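Just so it is clear, none of the values below were taken in a lab; they were calculated from the coordinates. Given the structure is predicted, the values throughout are model-derived calculations rather than measurements. Heads up, the Cβs are rebuilt from the backbone with ideal geometry, glycines too, and the neighbour counts pull from every protein chain shown.
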Amino acid sequence: DRSLLGLKDISRNEIESILDRAAYWEAQTEKVIPILSSQFVANMFFENSTRTRFSFEMAEKRLGAEVLNFAAAASSVEKGESIYDTVRTLESMGIDAGVIRMKPDGILQNLAETIKVPLINAGDGNNEHPTQALLDLYTMRKKFGELRGLKVSIIGDIRHSRVARSNLWALQKFGAQVSFCAPESMAAPELEQHAPYISMDEALQSDVVMMLRVQLERHATGILKSGNEYREQYGLTEARASKLSKNTMIMHPAPVNRNVEIDDAVVESAQSFIFSQMSNGVPIRMAVMERALRK
Ligand code: CP
């Protein structure tokens with residue numbers, strides 16, 4: 001299957017081959033290698049994005065694809081057209097693959113069963129964000145060589161995080177030890193059976209400390225009482241970061257609420273891989289688009 005809907009249901013071998021192929025693409029010095037020329041890709045974003053949208057576009061253009069960018073706010077979605085009808089419309093026009101991000105859970109699977117071209121999940125409600133987790137695994141593998149045995153703590157707004165879920169499913173396939181740390185209002189009880197919830201002090205004793213954005217746009221009112229209080233209890237403050245082992249990686253999928261879940265100076269510190277994660281998003285998405293479309 002050339003679609004990529006999530007990492008829960010694909011094999012470790014398949015994930016590994018995407019990571020290996022991303023390493024190949026990262027090593028290429030030529031900016032454009034047009035293996036996907038004459039192939040049309042629609043980037044369909046029904047939810048806002050900077051990193052995912054532009055790194056998919058970079059990846060597609062570096063592979064020579066023809067790129068159609070769809071932004072919901074400037075489309076007939078504003079007149080009430082559904083996600084389903086929008087995707088079917090673009091399919092009718094002859095796209096060869098679609099990259100899609102959307103808010104409602106549970107639509108993607110149905111869409112993929114109806115649409116005949118490969119669909120790539122660029123962020124699916126609270127469910128999965130597979131290319132983010134792939135670039136996260138890639139970034140970890142580059143530093144540590146392998147993922148087996150790595151202690152990875154994912155800290156913050158787990159409940160609303162498709163990044164946490166995709167990382168959990170993928171990292172466990174490689175034998176990494178995933179733990180969560182979250183205030184009760186941001187925990188995801190259904191994940192308790194898959195990974196333990198630990199304290200902030202324990203979470204900081206890890207090879208990877210992955211901070212998550214507090215997703216205010218998905219919160220019911222009152223979940224986050226005060227940014228300052230959150231920072232005191234769950235933020236990666238400068239004081240906490242100074243106690244990390246020098247070998248610990250600090251990660252965050254971004255965008256970042258600076259000085260809420262992570263201090264400004266920590267984002268910019270030598271142990272932060274946040275900007276490497278963004279760079280690695282391009283070769284990962286080249287590998288994913290190649291897998292979707294190469295003849
Ligand atoms: N990390 C991530 O998905 O960022 P965007 O929402 O900007 O794409």
### Task
Only helical DSSP H runs with n ≥ 4 go in: add -39500 (n - 2.57) per run for the chain, normalise by residue count and round the 222 nm mean residue ellipticity to 500 deg cm²/dmol.
-11500 deg cm²/dmol
### Query
Using a Förster distance of 41 Å, how high is the FRET efficiency between SER75 and GLU238, based on the Cβ-Cβ distance and rounded to 0.05?
0.40
### Task
With a 10 Å radius around each residue's Cβ, average the other Cβ atoms per peptide and rank 92-104, 195-207, highest first.
92-104, 195-207
### Query
DSSP loop trypsin sites (Lys or Arg not before Pro) in segment 114-201 with at most 12 other Cβ atoms within 10 Å of their Cβ, which ones?
LYS116, ARG148
### Query
Under a plain spin-label model, where a point goes 7 Å from the Cα along Cα-to-Cβ, how far apart in nm are MET93 and PHE144?
4.4
### Task
Give the Rg (one decimal place) followed by the Dmax (whole number) of segment 169-295, computed from C-alpha coordinates and expressed in Å.
16.2, 53
### Query
So for PHE144, PHE40, fewest C-beta neighbours within 10 Å to most, what's the order?
PHE144, PHE40
### Query
Relative to the present Cα-Cα distance, how much length would full extension add between ASN48 and SER199 at 0.36 nm per residue of separation?
51.1 nm
#### Entry: Inter-label distance, nm, simple model (7 Å from Cα along the C-beta direction), GLU16/SER245
2.4
### Amide N of segment 1-36 lying under 18 Å from the label point, which is placed 7 angstrom from the Cα of LYS116 along Cα→Cβ
1-3
## Note on the structure
If unit charges are put on Cβ atoms (+1 for Lys and Arg, -1 for Asp and Glu) and the dipole of segment 130-277 is taken about its Cα centre, the option from VAL152, VAL260, ALA188 lying farthest towards the positive end turns out to be VAL152
### Two-decimal ratio, segment 120-236, of alpha-carbon radius of gyration to 2.2 N^0.38 Å
1.03
